[in-house]
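> Below is a structure I'd like to ask you about.
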Amino acid sequence: MAIRFFLVLLLFTSCTKYSFSLYEDQVGLMDWHQQYIGKVKHAVFHTQKTGRKRVLVSTEENVVASLDLRRGEIFWRHVLGIDDVIDGLDIAQGKYAITLSSDGSLLRAWNLPDGQMVWESLLQGSKPSKSILNVLATQKVEMDNVILVFGYGCLHAVSSIDGEVLWRTDFVAKSRIAGLRSNIAIINVHDGEISYQQTVIAEFVEDTSEKAVILPSRISGMFALELNSLIIFIKLTDKGKLVVVDKVTNAAAIGDALLISEGQNAFALVQHGVGKIHLTVKDGHDWSIDLLKESTVMDPQRGKVNKNFINNYVQTNRAHGFRALIVMEDHSLLLVQQGEIVWRREDGLASVVDVVTSKLPVEKVGVSVAKVEQNLFEWLKGHLLKLKGTLMLASPEDVVAIQAMRLRSSEKSKMTRDHNGFRKLLIVLTRAGKLFALHTRDGRVIWSVLLRSLCKSETCEQPVALNVYQWQVPHHHAMDENPSVLVIGRCRPSFDAPNFLSFVDTYTGREVNSLGLVQSITQIIPLLYTDSTEQRLHLLIDINQQAYLYPKMPEAIAIMQHEFSNVYWYSVDVDNDIIKGHALKSNCVHEVVDEYCFNFRDLWSVVFPPESENIIATVTRKSNEVVHTQTKAMAEQDIMYKYISRNLLFVATVAPKARGEIGTASPEESWLVVYLIETVTGRILHRMVHHGSQGPVHAVFSENWVVYHYFNLRAHKYEISVIEIYDQSRADNKDVRKLILGKHNLTSPISSYSRPEVITKSHSYFFTHSVKAIAVTSTAKGITSKQLLIGTIGDQVLALDKRYLDLRRSVNPTQAEKEEGVIPLTDSLLIIPQVFNNGVMCISNR
């Protein structure tokens, strides 16, 4: 996760006489900045006497990084491509970090101090296979450490100096074994000669119905095999035979072998206890010797141990000590030494699944006497610390206390609402199934909870975290209620897997309730109605085309009966290019009538011909958006009425050949079609074709306008287009005096079934940036002018004033238009450094 900002100091343009710049104090300005690396897969310690002690790691987020062993801070990191999965990590010559990625086809060397790439080697093979990386420290070819790589059925020997392939052997032809039983293959390399043998797994265990997995652990002369919930330790004898050493049933994680002295190595075994983890370091040659046994208190909210990596050091008594790098179920990373946690990293925040915001509580008036006395004591203590700091007498502990005191006393970091509503909680759901609450002002973790329903269990082996929704947002008469969120998960990645719901209090992190559902949920519909506790009603749609009402309370049923005929929603089937509208029909009839379950009917459908149009993007307005005014002043004092509807849907389709990467189709084979569809009736209110254009399309819908970003193949440039839709049926309501005096009834309800008289206006601009996401600012009253927040491919946040997309723009604006702030028209949207926003909190998995 990273937040990066535009750091260019000066930009000159040759076509104009203007230049744009940043002030010195604006460069790199941000409220807070956090970087994460993800769940660690591989780790290698580098603890030589000279230089900084560090640990190299690679993660499931395709990150390779160097961490400070003392504090856990990042020295450097690189984020590889989405498909460039890291398969192995090691150190060569004491100065290169070696990574193997892309199924064993890419081998890279990185400079250990600064992370610069030294060389890259492409390895080819004949058949996909498991990839293995091993740096041979003892064998040398022309004073070179040989790197052995097995991938795509081939064994490669690569020079660690320049990445040159020294030799290559293909094992695909040698691995043909009759039958379907699993086998263990042993490859022995000695003096340039290679021997190869296989052993059937059935020789070690009777039941081989489950798939056997070799655990990623490099124990000298031994390896671990996981089968039937057992971990089997198998040793390779001097005669090349395999012998079972032990079988362990309750081991959580096994570490790699570690050479601690000449001829002696060790490995770590972690087991779980009650509120603790037990670390055992065993002698690799004598299984009965325990070099270390210690216990560490562990927060249950971190879950189980997934991996461990050990490193040794020499204690003051000349004995061997051990430290362990522990990877937990919540993807956090901890360094444990002498039974204590030295440092911890919340790297689960590198894999964010979904985010919502939650309001902080209102600051209550009135303070108790005890609190006044406590505040007086803190005030005196604070002044004493500040005095010591001024007189240069403060100890390092005093400096830390002063900084913490300043943070606590800051208005920005208070745990109550501010007047403008900037202080909030970010409720963040991660891939590990952990929910975090982050303070928007400083990014600190207020609370975190590992949802048990999202943890791996016997009944749910592959839990998947899906979404988090605002469930209860108290205000007005329900201020004593705490807000809560709904977390949706699924037991397997497939859509037909059963779902589960979890309800969490956003102030405390307490899991209020959880429900395991038999149904497989395909869609969640937040309704516009709330009960007396400000709890929003939701419809959960399952794969059997039934809708379930939540919360399951009598008051919710009463509200639904009253609003039964006003509930509409739509669904988008991207695979079949179909959009449908739905409405409630009747209660479900199972063994008995379920008053919380409803059958529904299809009202309309829009079917796009798959041979010419494929759906790639849909977007609609936020249901809670506030519109300040329904009118817009156009040229010559003309007034137009915005067509404001929560039921409008923007749809973008492209030609089938234009669904791929940019450049895979010619301009003649590509087109982009955009629609505005009324989701209650299915009417298409607007349709426009962009010939020679393709996706990806990113769009945002606000008030009566849509802004979308795409690629123009003919111009070889990105474009941004804007569409505005107006209600022509109110065109006669232009009497300014009546508008001021409120004579026009503009608040009268409008039915979606009445055929609207609408007109649309649109315009397109060239845009210089590739885009990953687009959003729009919103305020409580909708008065403040809109800003488009554009996340670029470089992880920068661009704040673009909506005035740049104003359809009133012309090449030569009139004096009246200039006074209103209308910007002269250009064919491109000119981006200046100041519009790269330093005041927006953004989360990126990159």
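> Roughly speaking, to the nearest percent, how much of segment 403-535's 1.4 Å accessible area is carbon and sulfur?
52 percent
> Still on this structure, please answer the following. Mind listing which trypsin sites (Lys or Arg not before Pro) in segment 275-329 are in a DSSP loop and have 12 or fewer other Cβ atoms within 10 Å?
Hits after loop and neighbour filter: R318.
> Let me ask you something else. Of K580/K781; K49/K95; K580/K772, which pairs sit farther than 24 Å apart, going by alpha carbon to alpha carbon? Could the numbers behind the result be given before it?
Numbers: K580/K781 33 Å; K49/K95 14 Å; K580/K772 28 Å.
Exceeds cut-off: K580/K781; K580/K772.
> Taking amide H positions as placed in the peptide plane 1.01 Å from N, state which residues far from W447 in sequence (5 or more) or on other chains have amide H under 5 Å from it.
A437
> Go ahead and run the numbers for FRET between V593 and V362, Cβ-Cβ distance against an R0 of 41 Å, rounding to 0.05. Intermediate values should be presented prior to the final figure.
Numbers: r = 43 Å, r/R0 = 1.04.
Working from the Cβ atoms, E equals 0.45.
> Can you work out the FRET efficiency for the pair N812 and A633, with r the C-beta to C-beta distance and R0 = 30 Å, to the nearest 0.05?
Plugging the Cβ-Cβ distance into 1/(1 + (r/R0)^6) gives 0.95.
> Grab the Cα-Cα distance for R492 and Q264, subtract it from 0.36 nm times how many residues apart they are, and report the gain in nm with one decimal.
In short, 77.7 nm is gained.
> Expected output is a single nm value to one decimal: the length gained when fully extending between F564 and R52, i.e. 0.36 nm times separation in residues minus the C-alpha distance. What is it?
Net length gain for the segment: 177.6 nm.
> Still on this structure, please answer the following. For R621, enumerate residues with amide H under 5 Å from its amide H, sequence gap 5+ or separate chain, H modeled in the peptide plane.
Result for R621 returns L648.
> Take each of the peptides 309-315, 697-703, 337-343, average the number of other beta-carbon atoms within 10 Å over its residues, and list them starting from the highest.
Details: 309-315: 18.0, 697-703: 21.4, 337-343: 13.3.
Put in order of decreasing packing, that is 697-703, 309-315, 337-343.
> A further question follows. 7 Å from Cα along Cα→Cβ at both S666 and K585: what's the point-to-point distance in nm?
Going from the S666 label point to the K585 one covers 4.9 nm.
> If R0 is 41 Å, what FRET efficiency do you get for R452 and T826 from their C-beta distance, rounded to 0.05?
That gives a FRET efficiency of 0.15.
> Something else: Can you return the aspartates and glutamates within cross-link range of K622? Criterion is Cα-Cα under 16 Å, with same-chain partners fewer than 8 residues away left out.
K622 reaches E678, E703.
> For E226 and E120, compute 0.36 nm times the residue count separating them, minus their Cα-Cα distance, and round to one decimal in nm.
34.8 nm
> To continue, here is another question. Out of segment 587-652, which GluC sites (Glu not before Pro) are coil in DSSP terms and have no more than 16 other C-beta atoms within 10 Å?
E591, E611, E625
> Taking the alpha-carbon set of segment 90-171, what are its Rg and Dmax in Å?
Calculated on Cα positions, Rg and Dmax stand at 11.9, 37 Å.
> What number comes out for the charge environment of K359, summing +1 per Lys or Arg and -1 per Asp or Glu over other residues with Cβ under 10 Å away?
That works out to +3.
> Same structure again: Within segment 447-467, name every residue whose backbone N is under 19 Å away from a label modeled 7 Å from Cα of A773 along the Cβ vector.
465-467
The values are calculated or read from the model by the stated rules, or taken from the named source; none is laboratory data. Note that the structure is a prediction, hence the values are computed from the model and not measured. Note: ideal-geometry Cβ built from the backbone for every residue, glycine included; neighbour counts use all protein chains shown. Accessible surface areas use protein heavy atoms only, side chains included; no ligands, DNA or RNA. Shrake-Rupley method; radii C 1.70, N 1.55, O 1.52, S 1.80 Å.
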